[in-house]
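Please read the structure below before turning to the comments.
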Amino acid sequence: MNIKEYLENETGLPVAEVAFTKPQKLPFIAFIDRTDEDGDDFHARIISHDLTVEFYAARIDAENEKKIEAAFENRAWKAAKDREWIGEEKMFETIYTINFTEKR
């Protein structure tokens, strides 16, 4: 699954894996996808994802958070949500953590 493409299409927000190479205007999304593969002796066809989606905004942005959460719901991903204020950057970071499994 192409998580970057999926989140861009579902939310309409700029999305980067790990980090953008250039500064971005708020709001935007960065994500980290840690994976573990499993399967039989000859095929690694089961992929476990530990996905962290970080949403950055100048204010608490319920409208875009709803879009992000709807994207998770469309895939039946259950997410934990946390929020922090990053004072030196003057922005909010909403952090979603998700675990899901896919088959190739």
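Of all the listed residues (Glu10, Glu63), the sole one being in contact with a helix residue (DSSP H, G or I) (Cβ under 7 Å, 6 or more places away or on another chain), at pLDDT 95 or above and not basic (Lys, Arg) is Glu10. Quick check on this structure: which one of Glu8, Glu73, Glu54 is in a helix (DSSP H, G or I), open to solvent by less than 70 Å² (accessible area, probe 1.4 Å), out of contact with any Pro (no Cβ under 6 Å at 6 or more places or on another chain) and not small (Gly, Ala, Ser)? Step by step, each of Glu8, Glu73, Glu54 is checked, and only Glu8 is in a helix (DSSP H, G or I), open to solvent by less than 70 Å² (accessible area, probe 1.4 Å), out of contact with any Pro (no Cβ under 6 Å at 6 or more places or on another chain) and not small (Gly, Ala, Ser). Residues in the stretch 11-25 that are open to solvent by less than 90 Å² (accessible area, probe 1.4 Å) and on the phi < 0 side of the Ramachandran plot: 8 in all.
Being among the β-branched types (Val, Ile, Thr), open to solvent by 80 Å² or more (accessible area, probe 1.4 Å) and part of a strand (DSSP E or B) is a description that does not apply to Thr97.
Only one of the numbered conditions (1) under 19 Å from Gln24 (Cβ atoms); (2) surrounded by fewer than 17 Cβ atoms within 10 Å (Cβ to Cβ) is not met by Ser48, and that is (1).
The values are calculated or read from the model by the stated rules, or taken from the named source; none is laboratory data. The shown structure was predicted, so the numbers you read here are calculated from the model rather than taken from an experiment. Don't worry about glycine lacking a Cβ; one is built from the backbone with ideal geometry, like all the others, and counts go over all protein chains shown. All accessible areas refer to the heavy atoms of the entire protein, side chains included, with ligands and DNA or RNA removed. Shrake-Rupley method; radii C 1.70, N 1.55, O 1.52, S 1.80 Å.
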